[in-house]
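Encoded as structure tokens, the structure appears first; notes follow it.
The values are calculated or read from the model by the stated rules, or taken from the named source; none is laboratory data. All values derive from a computational prediction rather than experimental measurement. No Cβ is skipped: glycine too gets one built from the backbone with ideal geometry, and neighbour counts run over all protein chains shown.
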Amino acid sequence: MAEEFDFSALRSYLQGQMDLGDSEVYLDEPWTPKKRMAAPAAAPPSRPAAFSAPAASAVPSPRPATRPQVVQPSQPQAPVFLSDAMPAPRSVSRAASPFESSASLQDFYAQINNEKVYAGKTLYRYEGPEHPAVLLLFQAPHAEIPAGHFFESSVAEMLRRMFASLNVAPESIGVTFLYKLPESRNFPPLLEAALRKMLAKELSLLAPSTMVTFGEPLFHQVFGKGKNFMESAGTDLEFAGIKTCALVDAFAMEGDKQLKLLTWKTHLPKCSYFKR
């Protein structure tokens, strides 16, 4: 007959370990916690402060003797001839793009639609209130979300709940795109520069209080390659005079609880633009 073992003690120990630190039970989204009361942890016994000996006074080191400097006789300058003079740099004037003088969003979209990058294609335009409190910026529209229907998507609902926990009203949030066609592509440097210039003009017309970018590729397209994304995510940034915060990709965050925890517990606490 097989020998029987009593695992009751081990079971009690493991159950006790599982109950430790369970004052917050997070659902799928960490910004919607379900809290329950937990027994306060016992305070550790006080220990006497360790004795520290006073630091020894620093003894100044003797100054080295200074050596007399030998003055070299000045050499006569060579004559400067007219042919040796460098020509003055020529100032290159850049013609302003038509969209830079746009006075309204409607005129702005009409002007950039004539640019070579879009060539008359149907653009995904801004969605949201006239002057949003928070402007969501994505690299490009998602192919599965029709134009004008971003806020009907599940990722938009997720972001609205997140910003509601930061005291941002859902109706005060807007969305736009750096590249306004639903195509996944790498942007060459000249195109990135043109898109940044278009974004700066669009921001001057929208005048949001804060802009939030999503994803590392977009972060570098907006701020350049010189910044580290993980070090800069959640910190107070600025683009074209607008307060800006960079977060991880929202579509990846939607299905990844660890990215949600990273956003809520690490990145957003760094930013002074939002209040919990």
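Some notes on this structure:
- First in region 189-201 and more than 13 Å from residue 220 (Cα to Cα), second anywhere and outside any helix (DSSP H, G or I) and among the small types (Gly, Ala, Ser), Cβ under 7 Å, 6 or more apart: 200/240; 201/102
Okay, residues lined up against (1) in contact with a strand residue (DSSP E or B) (Cβ under 7 Å, 6 or more places away or on another chain); (2) surrounded by 22 or more Cβ atoms within 10 Å (Cβ to Cβ); (3) modelled with pLDDT under 95:
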position	(1), (2), (3)
155	no, no, no
176	yes, yes, no
180	no, yes, no
184	no, no, yes
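- Filtering region 238-276 to residues that are charged (D, E, K, R) and closer than 19 Å to residue 227 by Cβ leaves 238, 243, 249, 270.
- Search result, residues across region 124-146 that are modelled with pLDDT under 95 and surrounded by 14 or more Cβ atoms within 10 Å (Cβ to Cβ): 142
- For region 231-245, the set of residues classified as farther than 12 Å from residue 135 by Cα and either surrounded by 14 or more Cβ atoms within 10 Å (Cβ to Cβ) or more than 10 Å from the chain's Cα centre (by Cα) (or both) consists of 232, 233, 234, 235, 237, 239, 240, 241, listed by residue number.
- Cβ-Cβ contacts under 7 Å between residues 6 or more apart (or on different chains), taken from a first residue in region 139-156 that is touching a residue at least 40 places away in the same chain (Cβ under 8 Å) and of a type in the set (Ser, Thr, Tyr) to a second residue that is in a helix (DSSP H, G or I) and surrounded by 13 or more Cβ atoms within 10 Å (Cβ to Cβ), are listed as 154/254.
- Within region 234-276, the set of residues being among the aliphatic types (A, V, I, L, M) and more than 24 Å from residue 151 (Cα to Cα) comprises 237, 240.
- Applying the criterion of being among the basic types (Lys, Arg) and out of contact with any strand residue (DSSP E or B) (no Cβ under 9 Å at 6 or more places or on another chain) to the residues of region 199-247, the residue that is farthest from residue 137 (Cα to Cα) is 225.
- The residues of region 106-123 that are touching a residue at least 60 places away in the same chain (Cβ under 8 Å) and surrounded by fewer than 16 Cβ atoms within 10 Å (Cβ to Cβ), listed by number, are 115, 121.
- The lone exception for residue 213 - which of (1) without any contact (Cβ under 8 Å) to a residue 40 or more places away in the chain; (2) over 15 Å from residue 266 (Cβ atoms); (3) in contact with a helix residue (DSSP H, G or I) (Cβ under 9 Å, 6 or more places away or on another chain) it fails: (1)
- The single condition among (1) in contact with a Gly (Cβ under 8 Å, 6 or more places away or on another chain); (2) closer than 22 Å to residue 213 by Cα that residue 167 does not satisfy is (1).
- Qualifying residue in region 248-263 (condition: among the basic types (Lys, Arg) and under 18 Å from residue 139 (Cα atoms)): no
- Per-region count, region 186-218, residues within 17 Å of residue 151 (Cα to Cα) and either surrounded by fewer than 21 Cβ atoms within 10 Å (Cβ to Cβ) or in contact with a Ser or Thr (Cβ under 9 Å, 6 or more places away or on another chain) (or both): 3
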